[in-house]
Every structure is written in structure tokens, then in C-alpha cells.
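First the structure, in the form of C-alpha cells, and then the observations on it.
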Number of protein chains: 6
Amino acid sequence: MSTDSTRIVRADGREVNELRPITITRGWSKNAEGSALIEFGNTRVLCTASFTEGVPRWLKGEGKGWVTAEYAMLPRATNTRSSRESVKGKIGGRTHEISRLIGRSLRAVIDTKELGENTIVLDCDVLQADGGTRTAAITGAFVALAEAINWAKSEKILPARSKPLTGSVSAVSVGIIDGVPMLDLPYVEDVRAETDMNVVVTGDGKFVEVQGTAEGAPFDRDELNSLLDLALVGTEQLAQIQRETLGE
Amino acid sequence: MSTDSTRIVRADGREVNELRPITITRGWSKNAEGSALIEFGNTRVLCTASFTEGVPRWLKGEGKGWVTAEYAMLPRATNTRSSRESVKGKIGGRTHEISRLIGRSLRAVIDTKELGENTIVLDCDVLQADGGTRTAAITGAFVALAEAINWAKSEKILPARSKPLTGSVSAVSVGIIDGVPMLDLPYVEDVRAETDMNVVVTGDGKFVEVQGTAEGAPFDRDELNSLLDLALVGTEQLAQIQRETLGE
Amino acid sequence: MSTDSTRIVRADGREVNELRPITITRGWSKNAEGSALIEFGNTRVLCTASFTEGVPRWLKGEGKGWVTAEYAMLPRATNTRSSRESVKGKIGGRTHEISRLIGRSLRAVIDTKELGENTIVLDCDVLQADGGTRTAAITGAFVALAEAINWAKSEKILPARSKPLTGSVSAVSVGIIDGVPMLDLPYVEDVRAETDMNVVVTGDGKFVEVQGTAEGAPFDRDELNSLLDLALVGTEQLAQIQRETLGE
Amino acid sequence: MSTDSTRIVRADGREVNELRPITITRGWSKNAEGSALIEFGNTRVLCTASFTEGVPRWLKGEGKGWVTAEYAMLPRATNTRSSRESVKGKIGGRTHEISRLIGRSLRAVIDTKELGENTIVLDCDVLQADGGTRTAAITGAFVALAEAINWAKSEKILPARSKPLTGSVSAVSVGIIDGVPMLDLPYVEDVRAETDMNVVVTGDGKFVEVQGTAEGAPFDRDELNSLLDLALVGTEQLAQIQRETLGE
Amino acid sequence: MSTDSTRIVRADGREVNELRPITITRGWSKNAEGSALIEFGNTRVLCTASFTEGVPRWLKGEGKGWVTAEYAMLPRATNTRSSRESVKGKIGGRTHEISRLIGRSLRAVIDTKELGENTIVLDCDVLQADGGTRTAAITGAFVALAEAINWAKSEKILPARSKPLTGSVSAVSVGIIDGVPMLDLPYVEDVRAETDMNVVVTGDGKFVEVQGTAEGAPFDRDELNSLLDLALVGTEQLAQIQRETLGE
Amino acid sequence: MSTDSTRIVRADGREVNELRPITITRGWSKNAEGSALIEFGNTRVLCTASFTEGVPRWLKGEGKGWVTAEYAMLPRATNTRSSRESVKGKIGGRTHEISRLIGRSLRAVIDTKELGENTIVLDCDVLQADGGTRTAAITGAFVALAEAINWAKSEKILPARSKPLTGSVSAVSVGIIDGVPMLDLPYVEDVRAETDMNVVVTGDGKFVEVQGTAEGAPFDRDELNSLLDLALVGTEQLAQIQRETLGE
């Protein structure tokens, strides 16, 4: 690993420990109970939260709610067009995997008892992709989720004093490129990374998910630690931006 | 039919022969060869054009190009969430029907010989739906298509003097509500319409598609004529907005 | 447009405003509550009506019935065999579109309250195709529908005085070939038509659906009017044949 | 088993060893290279043969042809409507099983070398079902197959002296009802049969397929022999009808 | 047919009327209510029986139980890998056909009234294939079924005196190779057989299913009889092994 | 977290840092080029390696090989039967996710250039599930992979001196239960774990994948470190067992 990583110049001029410009536009959708258009540089994900009363059959009568997520990419979100999964008639493994990750990440900060027998579905549709779409989706979906809960309180569907959210959650990608750990990889860096890690962290700095993958060479304990340090730098800032967006 | 329709007040304050505010944002997507985010009031459709060299197998060696389209709605584009077609594993009849309509409409202004053996796929994804999504999609897709052709010329994939576009095309919905013909129906009017018509028109005022459906009572020849008159009022303005957007 | 269209000789010797020989065989199927084998020249469609008590879940308790349709082609109805949609595992866009058109057309002459909470499914299977299959299907399905309603009255499932049918409905294709509007196109004419229109009309001459498509050049208002005039000539005769078939 | 079975009166008045009225209409379809509408009493199956030059990829270059079959039922061929397999998106086990049986039965009388690298697909669509649809399909498909081969010779696609057919093939159902073996079961008998057997036999009386199933009690060797005897009575007559139909 | 078949030497040294080594391991699975790993030489099938209270909807309230089966092959059970049916998204015709055969065979020895409103699903997964997988599956599934019924009695779900099994059932393949009838064909013989027959027989020697197929030349009555004789030799031994395995 | 974890008694009597009994049976399948039946206690996974010459189309001509994996569970591997994915017609998210994980893990120790243009598919079918199926699958699949490579060398498909394997790989699950980190969780522990982690490690102790998920409460850096320590204890032993199995 490089010992002098602070002098590395990234293609977009960022420091190794610097996030891309982050923008979160709340209430982008007029129809959903909660929504956010989130941008990590050129990555743009539209997150909507659909609040419905009632729960899936397998959960009925337990006095608990349910939060789930679906992730998808528009066919031309990427540099070359990919076929629609609806046209192919099946969902790819990557889509499935990311949808499950987003759902688990959000449930980590939900107290399902406080949610009552209600369901919130988060749809995260990537409108433009430039790396880090899953972490942007988690970060934006949290905002849409919080909005939907506020909506339910304002509509008296949830009691004003209920606290379905036990905290906030955000996520960021980190990776090792030419031996240097870097924060928030755009597509050009992502394809070159030897190790790629997605880290999901609560607002108070605890881990919800740590998914590290050796794309090239296996990684050692020191590299793992550097990546986790870097991720926490990013998620701390993301948590702050979420708070500001939500007016807290 | 009301004989005094000019004094009708619509829910959004428009005249019966008035379009909703129309906005077309060119180049919304950084990855596609052509793109436009089109808004008809609260209806928002992202149209991207993907230009690829080569044609489908059944067209090879004929010296002609191909233009096709796919339409889809995000699950929460509407007031209540609908299941993803990718999750259901099949495309619904309505989606199929609209995709085919958009493709035919655009091919009506394409000279496939001038396009050479190249393919352009138009993706029209409804981000927010408030009536008239198919007509907004056609109108926006034309702009994305024109952009993609310009791109191909600037990249010297098409000769500078080639003229794949034989004209422009736009579309609008019209309908009869309480006996009164009205232009450009938002969702609240659409569900109340006795007759619903989608009209696709070239820049010089000729018909590409006329699709009229009696939702309630069958309609007579006079009603049909009133609706066509109204549609032409709308498409003339849309053609003008398209020209301005494309800087012609 | 040709100004002397009456002297045009069509491949099968017909006048431009002449239907192909039309045959409707009622009760072709012994198992269905209503059925008709309809022939427009070489086009043969078997239409069956299945009457069942009860309605789909989304309509329960509203005191109204439901009428729907499914259209399909046998794989070798056409000149070259096409794959079965059941084998491909999905229904094509064209099939979907025509099924929806048939359903809407029949519902235009149904008073769902008079039908009570009953469902009628019309299956229109093309046994042999030679152009105009969707319009033949609508015309034949109406006869099967009327038979099924008569059956339900004779079985006392519907009260003898109930009037679920508010009228009759038939359909015909028209098109412009070499500038000349023509009625009821067989396959060889259909593929050459510049403009193709399917018109669905009630027994008293009102429009249920008007679907005109520019296959080649866009069409103007005069051409549209000529086509509609021609269509009404055809549907008036079809309505008469339907009445005779049903013994009215 | 009854010892006096000849005096049994069947619901439709037939003797136990008597076929239903058999009708084969050659050339029912104008579009296919071979076709036959076959009727076993009220059971009606439309069989078409599609002849195409070339073979599936796995057979290329071996100088041999291919014959295959697809069986299906119209949704309202039966007494109560069943869902379309195309709508369900998958083919049922019964459909698969019968398609495979028809294909194997026809290949038993085909010399694939004499057929050259050509493919014949037999489509057997049940228009009306009253028991014995698979055996009617095999019997009718043979006629369509023979017609398609004649067509190929007349078109000089096959040499005049080639002999792709090594014989003829037909099939019939037999079963034991109340202990009495009976020939050619209509639906009302089929559902009551303790043992049900479908037997496919060549024109010279050899077996191609013997499929016996105990629906109620298991059967012994004597019963098996009675059923086979009866089947051969039926297939001998069917072979004769096929010869007459084909004008041999 | 050879007149001196007893001196034929088979590739694995067996006599023509000799089974391969048969092994049945009861209780191979710790999770299922009944299970058996059955081996016919190198053919290995894992059969599990899943006992659940309740019946499918169409059988509710009739006081009867249900037994059904699903057959599948691991992708590399065979010499060359085949694609997973789950990945292809549909079940092949062969799989369907065999699943149905196993289900029918087991139901032939079940008294559904004695089973009460309970369901037993037999899963037969081929771990290694060397011919005769369907007959091994039936033979093994019977053991798993008997175990599951014993389990239900020991758990007091079924009364101790109930007799859901009316007998035992086993199956074997027979075939004609170079004119010689042989018992229990491994893969190398199976592919060479002119006629292939699967015979399902009860413990007291009655037929449940007889499925004979001419793979090459059609077969005559004598050949059929020789094959049936041979099959009964095999199933008598299999019934004995089943009894020993079940400790009867 | 408990400070005295060594005195914890687990349900099966193991220490917190103790693996279940591990058994690897090489060559379990006679048909595959490599195979291993691996058992982690009651978890049993059959891993087969299918070696084929050639690579997928997208990799052709690059002089590199390909290794991929498919994971599946038999329907009754678990305590209650689940529906077959082949019957449902689609693969679940969990299955997809694990298949992708196994493939990535094995590719981490493959030098695709040394493999030449050859493909190895690893099928990991869970015959019996009791927690840790994905980690058992990775560990067993490595043995099957190594066998297949040896086979290819012995068949001279790969040069004797080629070194497609750059090392070994194994995997284990770890989790926190009642605050105590534990190694190799069976099902009863898995469902109770607050945090669940799957760790894939090379034979020389480097990480290939680290996937930690907070099932209950989020976890902190200390807990993460304890889990990683424990995982390395397990994978070191697994690497040793793999070496012994492969006779190294």
C-alpha cells in the first residue's frame, strides 16, 4: 500500500478521503408518501417510499410492521444500454442482491413494533449510474423512509409519539486502487479497484453491513482496517447531510 | 355536447383548448446519445435515445436502419404503487401497447435508408404520472431521437448531409367530459372522460395515429371532428416547443 | 388520392367498397355457452363465450358483471408458422393489444348492471388468417356473447326481462392502397396499405373505436374522412348479418 | 370382468368394440403444407403440418430430417374454460407429455434419412374435446404429415422417388369400465374407467406405444390382453380410413 | 428375436434377467418425515417424503388426503452437465412427465380416505444418473412414503389402526437390445434399446403402469409379452427388498 | 459482550471457537470431472465440477478461462419443504446471491490465463441444511475444483506444468449470540444471532470476502474484530482439512 496516499490526485480532483458532491432533493415525487432524488456526483437515484396499511400475510396479527426495498436501473442509466429485466422476464442476481441489501439496511434502524401493522416499500430507481448506486440508494432511501413516517404521523395513521426510527443509516463505497484506499468510487475507479467494499453505518457510527470483496488480489487485515476508517469518514458526513435535509 | 364550452372552468384553471405547462429539458442524461426530460404539468417522462451501429438480424444487409421504443412506469409514478413488471416476470398489455405506439409514431418521421444500418432505441420511463404519459413520451422521444441523430453526425457515424428525419412528430390526448371536448387531460379528467383520444401528428399537421375509444357512450362523427380539431391545436404548439428546444 | 376509385379492380375481383363473403356459424362449439365460427373470406376465427357466475375479486359486491376477451392465433394460422406463445412463455404485444381491443369493444354494448354479478369470457382463436382477424373476432364475438346471454336467460341465471346488451357491435378494417381507400383488406392488401384503420361501430352507427395508423406516409383529414365513410358502409352490412344470424 | 360384454349398451348406443363416427377432412387449412381436421365423435382436432427446409442446430450436417409435434387445447374446448397456457406463461405437464407422445409416434414411421435436412412440425390443436384427444391428434397428424410430404415432392423439394414414410400410424384409447373393456372412450366413459390405455399402432399392426394406467384398481395380465385386442380392432379401422382419406 | 438369450453376456456381466445391485438406505435425511437413498447400480436417487396436515384447496372438505411427487435431476447427475431448470425458468417435458408418473404410481397404493385430510409430497432428486432413474425413484419413493406414514402414526396424526397403504409398489425398466429382452437397463444399454418399457407393479404382481415405446422399430405382441415377463421378475425382487428395508 | 466466553456451553457441546465435525468425501460423483460431498455437522452439500473446453462468448479469443458456480437447495433439505425454484419459474434472491458469492470466491484463487480457454462450472447442491450451507459450499467446491484441474492435467487438456490455482480458499460463518462471538453456526444458533458474518479466506490467511450483517443490533469495531479473529481460527483448520483431502 502507498504510504503517501494524501498526495494522490484522483481523476476528478478529489482527495482520497473526499466524497463526491452530494445532493438530496426531498419530495421530488408528488405522488409518493416520501421521496428523495439523491445525487453522488453523476450518480442519480430516485427513492420513493410507499406507505400502506396492513402487512404481508406471513406477518399478520403480530402487531409489527414491515419495510422492504426494490432496486432497479433504467436501461440507459449506464454507458451502454442494457435490456430491461421486465422484457427479459427475470430479475438478475445483482438486482436481487442489492434490493435485499437496501431492505436489510433500513430495517436495521426500524423498530417494527412502533411501526404498527403497516408496510413501507422503498423503490430505488437508478436514473443515471456512475458508481456507488447501491450506497446512494441506501442513503436516499433513508430520507424517503423518514418522510413517509412523518407523513403517517401527520395523517394520524401513526401516533404522534411513536418512534419507528431508532436512528439513521447511510452507506458509502470504498476501495483500494493501485494500493491506495479511496472513498466513494465513481465508475472509472470502481472498475480498477483491487478490493471493493460497501459499508452501511448508522448515524451513531455502528456497522449495519460490511461487504468487502477482493476483485483482484485478496486483502489483509491492515487494508481492511484502512477501508473501514475511510468509510466512517464518509458516512459521518452523509449522516450530517441527511439530518440537514430532514431539517433536524 | 355543450354549446358554450369556452366558459367551462377546468380544475386547474385552464381553458378547454389549453395545454398544461410544457417543459422539455434536453440532455438530462449524461450517458445517452440523446435524452429529454419532458413535463406535461405533473407528468414527467425521461426519454433516452441509444444509438448503436448495426441492426437486428432480420434487417441485416438491407441498407436500412431501425427505430424502436420501450415504455415503462416506475412503480410509484402513480398515486398507488403498482408491482414492477420485472418482478412479476411479464410485461402487461398496456405497456406493450404503448411501446408499440411510440415506436410506430417515431418511425413515421424516419427515413430508414438515410439512417443506414444503425439502430436507435428510445426508452421512455415515466417518473411521475398525471395523465397523458404516452403522448408526453412520444413528444419527448422525438427530441431525444433528433439529438441522437445530431450526435451521430457529429461523430461522423452518419454523413453530415444525411437526412434520417423527414419531419417532426408530437402527440396529445383529447377527450369529452360531460359532453365537452377538452385538450390535454390530466389524470382527474382522464378517468371521467366519456371518450378518450390520442392523436399523433407530424410537424406539418398530418396524422400518424388516431386512436379514439368510447370509454362510456359511443361517439358520433361530430364529436370525432371536434376532438380532432382540438388535438391539432395542441400538436401545433408542441411542434413549436420541440423546434425551440432543438434550437431550430 | 385517385379520383376515379370505383373502377379499381381488386385482386379478388371486389369493388373498393365491398366486403369479402361473410359467414357466421352459430353454435359451432357444443361445450361453450355461446359460440360462432366467423369467416371473412379466408380469415376464420372461432369465438366462444364462457359464462360463469361470479366476478373477479376487484369487482365483488358492486352488483355489476364483467366481460373480457382473449385473442390468439394458432401457430400455423398464417403462411409461415410462428412459435406458440405458450412455448415462448409470454404473450406478445400484438396479442395483448388485440385482446384488450376486443374486450373494450364488447363492453361498449354491455350494461354491466343488467348482467348481474356474472362474468363472460370471449375466446377468439384465429384458425386461419388472411387479414382482418381482429375485426372478424369482434364481429363474431358479439354473436357468441349474445348467445351466451340468451343461454343464461333460458337457464334462469339472468331474469327473462334483463337487458345486458344495449346494442350490437361489429368491426371492419379499411385502408388506403395506392391512394385509394378500400374496405375489408385481405392480407395481400393489408401489407401494401399506406394507412390502415380499424373501426368498431355500434348497430346504430356510432363509433366505439377508431384506430388509424399511417404505415407509410401520414394521412390528412380528407383521407381520414373517406376511410370512415367506407368503414360505416361495411359495419352496416355486418350488423345486418349479425341480426340475421341471431334470428332477430 | 364381465363374461358377457357384447350385450353391454353404451351411453351413445355403441358396441364395446365400436369406434365413434370418424371424419377426416384433408386440406382444411389453406396456409399449411399439410392439414387435417379430424373428428372422433365430438372430439375435433385441427392438425397442420409445417414443412421447412433445414433442421435444428443439433442435427445439422447429419443428412437427416426432423419431425416434431405440439399439442394444445383451446381454452374452451372443454366443458369448463381453462386458463390459456400462454397467459399462465408455462406449459402444463399434460400438454408436454402429449406433445412428446405425438412426436415419438410419428417419428416411428419416418425414415429421417429419406426426409433429407428438412423439418416438419405438426401442430395439433384441440378445438372441441370429448375424450381421446391425443389419439385423434396422432391419427390426424399422420394425414397432415403425409400431405406435407406429398407437397414437398410436388414442389421438388424432396425427390419423387424418396420414401420418408415407412408406414402409417394411428392411435386409439381403450379402457375398462365396470369390469368391461371398451374401445374409444368419450369423456363420460373416460372419467369412469378403472384402467385407461392409449395404444399407438402402425398400419401393419405393430405397436409404437402402449401406455396403460390404472386409474382405480391395478390391472392383471388378462385385462391387459383384452385391452390390446380391442385396440387393434380400432387401429385397423383407423388405418383403413387414413388410406381412404389419402386416396391410396 | 434371439432364441438363445440366456447366454448373452452384458457389459457389466449380468444375466439378461438380473437386476443391478440394489441398495436402499432408509432415513438418509434427518429433516424429512420419510426418506430413502436408493441405488440401482450407479443410479442414485434421494427420495424424501414431506408430510403436512391439510390438503390442496380443490380437495378441501372431502375427508381425503393427497399424495404427489416431484422429480428432478441435479445438473451434473449425468455425463455432461445440463442447465438447471430453475435457471431456464421452466420445467422440461421429460421432468413433468416423470413427476406425474411417480405421483400416479404411488396413489395406486394409497387409500386417500384412510390418509385423512393430509398431504404427502415425494421429492425424488437424482444425484447420479445411469439409466432407470424413474423406476428407481418410484421404488425408493414408496419406502419414503411408508416411513412418513409410520411417522404420522407415531406422532398420533394418523390413528394407529388406519391403513393408508393398500399395498406396495415398485418399478423397473426393460428393453430389447439387438433383439434380446433385458432387465434393468443402465445408460449404455438404454441408448441402444430398440424398445424401452417402464413397468410399475404392485407387491402382489398387478400392473399400475405399462409404458412401452418403440425407440427404433415397432414391436409385436410376442416381444411385448417377453418384456412384461421380465419386468415381473424384477419387480418381485424389488418388492422383497422394500419389505426387508421396511423391516416387515 | 461477555468477558468470559470460553465457559459458554453450546447446544451441541462445542466450545465457542470450535468447528463442527467436518467431512469431505472426494469423488462422490462418478460422472463429474471433480466432486466432493462436504459435511459441516448435519449440513451436507454435494459439490461437482464440470470441466468443458471453450469459454462463454463474451470471453472468446482472450486466452483466458472462466470459473462460475450455481448453488441450490433440494426442496426438503430444510425442516419444512420449500417450493422448487424450477416449479416457481424463477430463482430467488438468496440463491442468486450465494451463487455469485461462491463464483467470486473461487475466482479469487484462479489464474484464468493458466486455465486456458476452458470453463469450470461448480454446482453446489444442498442435500441437507443445518446452517452454514454457503460456507460449506465454498469449502467443498474448492476441492471439486482442484480435482477437476487435476483431471484436466491427467487428460492432457491442461499442460502438466500449468498452475491455474494460485492458492486454496475456504469459508466459515461466525456470529454473535447473546453477546458472545461464536464459530460455525448451526441453524439453531444462526436464527438467534444478533450479527452474522461469512468470511472467505485463502489458504495463506488473506480475505477474499467479508460479509457482516447486523441481524438485530448494529455492531461496533471491537465486535467486528472478534468475529474476524474467530473466523481465521476456523478457516485455518478448513484449509488443513482441504490439503489432507487432496492428499497434499
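The values are calculated or read from the model by the stated rules, or taken from the named source; none is laboratory data. This structure is a prediction, so every number in the text was calculated from the model and none was measured. Glycine also receives a Cβ, built like all others from the backbone with ideal geometry; neighbour counts cover every protein chain displayed.
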Inset, instruction - With respect to residue E:70, determine if the residue is farther than 20 Å from residue E:128 by Cβ and either part of a strand (DSSP E or B) or away from chain F (no Cβ under 13 Å) (or both). - result: no
Inset, instruction - Taking residue B:148 as meeting all but one of (1) modelled with pLDDT under 95; (2) among the small types (Gly, Ala, Ser); (3) within 21 Å of residue A:74 (Cβ to Cβ), write down the number of the exception. - result: (1)
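For every residue, the table says whether it meets (1) hydroxyl-bearing (Ser, Thr, Tyr); (2) within 18 Å of residue C:215 (Cα to Cα); (3) within 21 Å of the chain's Cα centre (by Cα); (4) crowded, with 23+ Cβ neighbours inside 10 Å.
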| site | (1), (2), (3), (4) |
| --- | --- |
| B:57 | no, no, no, no |
| B:64 | no, yes, no, no |
| B:75 | no, no, yes, no |
| B:79 | no, no, no, no |
| B:83 | yes, no, no, no |
| B:95 | yes, no, yes, no |
| B:109 | no, yes, yes, no |
| B:116 | no, no, no, no |
Legend entry - Test set (1) touching a strand residue (DSSP E or B) at 6+ places or on another chain (Cβ under 8 Å); (2) at pLDDT 95 or above - residue E:154 fails condition number: (1)
Inset, instruction - Answer with yes or no whether residue E:120 is more than 14 Å from the chain's Cα centre (by Cα), β-branched (Val, Ile, Thr) and more than 29 Å from residue E:239 (Cα to Cα). - result: no
Inset, instruction - Taking the options F:86, F:99, name whichever one is within 25 Å of residue F:31 (Cβ to Cβ), touching a helix residue (DSSP H, G or I) at 6+ places or on another chain (Cβ under 6 Å) and among the hydroxyl-bearing types (Ser, Thr, Tyr). - result: F:86
Inset, instruction - Restrict the check to region F:173-182 and report whether at least one residue is under 15 Å from residue F:20 (Cα atoms) and under 15 Å from the mean Cα position of the chain (by Cα). - result: yes
Inset, instruction - Exactly one condition in (1) surrounded by 21 or more Cβ atoms within 10 Å (Cβ to Cβ); (2) closer than 29 Å to residue C:167 by Cα; (3) not acidic (Asp, Glu) is not met by residue B:225; state its number. - result: (1)
Legend entry - Boolean, residue C:84 is modelled with pLDDT of 95 or more and of a type outside the set (S, T, N, Q): no
Legend entry - Pair list, Cβ < 6 Å and 6+ apart or interchain, from region F:15-34 residues that are within 12 Å of residue F:46 (Cα to Cα) to residues that are in a loop (DSSP other than H, G, I, E, B): F:32/E:76
Legend entry - Unique match (being on the phi > 0 side of the Ramachandran plot and in contact (Cβ under 8 Å) with a residue 60 or more places away in the chain) among E:41, E:89: E:41
Inset, instruction - Starting from region C:108-122, take each residue that is without any contact (Cβ under 8 Å) to a residue 60 or more places away in the chain and under 16 Å from residue C:63 (Cβ atoms) and list its partners that are among the hydroxyl-bearing types (Ser, Thr, Tyr) and part of a loop (DSSP other than H, G, I, E, B), counting only C-beta distances under 6 angstrom and pairs at least six apart or across chains. - result: C:111/C:166; C:114/C:162
Inset, instruction - May I ask you to list the residues in region B:49-79 that are touching a strand residue (DSSP E or B) at 6+ places or on another chain (Cβ under 8 Å), of a type in the set (S, T, N, Q) and free of Cβ contacts under 8 Å to residues at least 60 places away in the same chain? - result: B:68
Inset, instruction - Take the residues in region A:44-55 that are of a type outside the set (Val, Ile, Thr) and surrounded by 20 or more Cβ atoms within 10 Å (Cβ to Cβ), then tell me which one is nearest to the other protein chains (Cβ to nearest Cβ). - result: A:50
Inset, instruction - Restrict the check to region E:50-64 and report whether at least one residue is under 19 Å from residue E:199 (Cα atoms) and in contact with a helix residue (DSSP H, G or I) (Cβ under 6 Å, 6 or more places away or on another chain). - result: no
Inset, instruction - Please find, within region F:146-163, the residue that is surrounded by the most Cβ atoms within 10 Å (Cβ to Cβ) out of those that are among the hydrophobic types (A, V, I, L, M, F, W, C) and touching a helix residue (DSSP H, G or I) at 6+ places or on another chain (Cβ under 6 Å). - result: F:158
Inset, instruction - Confirm whether residue C:77 is in a loop (DSSP other than H, G, I, E, B) and within 23 Å of residue D:82 (Cβ to Cβ). - result: yes
Inset, instruction - Would you mind listing the strands (runs of 3 or more DSSP E) fully within region E:148-240 where at least 3 residues are touching a residue at least 24 places away in the same chain (Cβ under 8 Å) and within 14 Å of another protein chain (Cβ to nearest Cβ)? - result: E:169-177, E:195-202, E:207-214
Legend entry - Residue count, region E:34-43 (criterion: within 9 Å of another protein chain (Cβ to nearest Cβ) and buried (at least 21 other Cβ atoms within 10 Å of the Cβ)): 1
Legend entry - Unique residue being modelled with pLDDT of 95 or more, more than 30 Å from residue C:89 (Cβ to Cβ) and among the acidic types (Asp, Glu) when the list is E:123, E:111: E:111
Inset, instruction - Taking residue D:227 as meeting all but one of (1) more than 19 Å from residue D:190 (Cα to Cα); (2) touching a Pro at 6+ places or on another chain (Cβ under 7 Å), write down the number of the exception. - result: (1)
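I'd like the full set of residues that are within 11 Å of another protein chain (Cβ to nearest Cβ) and either buried (at least 24 other Cβ atoms within 10 Å of the Cβ) or within 12 Å of the chain's Cα centre (by Cα) (or both), limited to region F:129-145.
First, pick out the residues of region F:129-145 that are within 11 Å of another protein chain (Cβ to nearest Cβ): F:129-130, F:144.
Selection gives F:130, F:144.
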Inset, instruction - For region A:87-128, name all the residues that are away from chain F (no Cβ under 13 Å) and either aliphatic (A, V, I, L, M) or farther than 24 Å from residue A:52 by Cα (or both). - result: A:87, A:115, A:120, A:121, A:122, A:126, A:127, A:128
Inset, instruction - Inspect region C:164-177 for any residue being among the β-branched types (Val, Ile, Thr), within 22 Å of residue C:233 (Cα to Cα), crowded, with 21+ Cβ neighbours inside 10 Å and touching a Pro at 6+ places or on another chain (Cβ under 9 Å) and give the result as yes or no. - result: yes
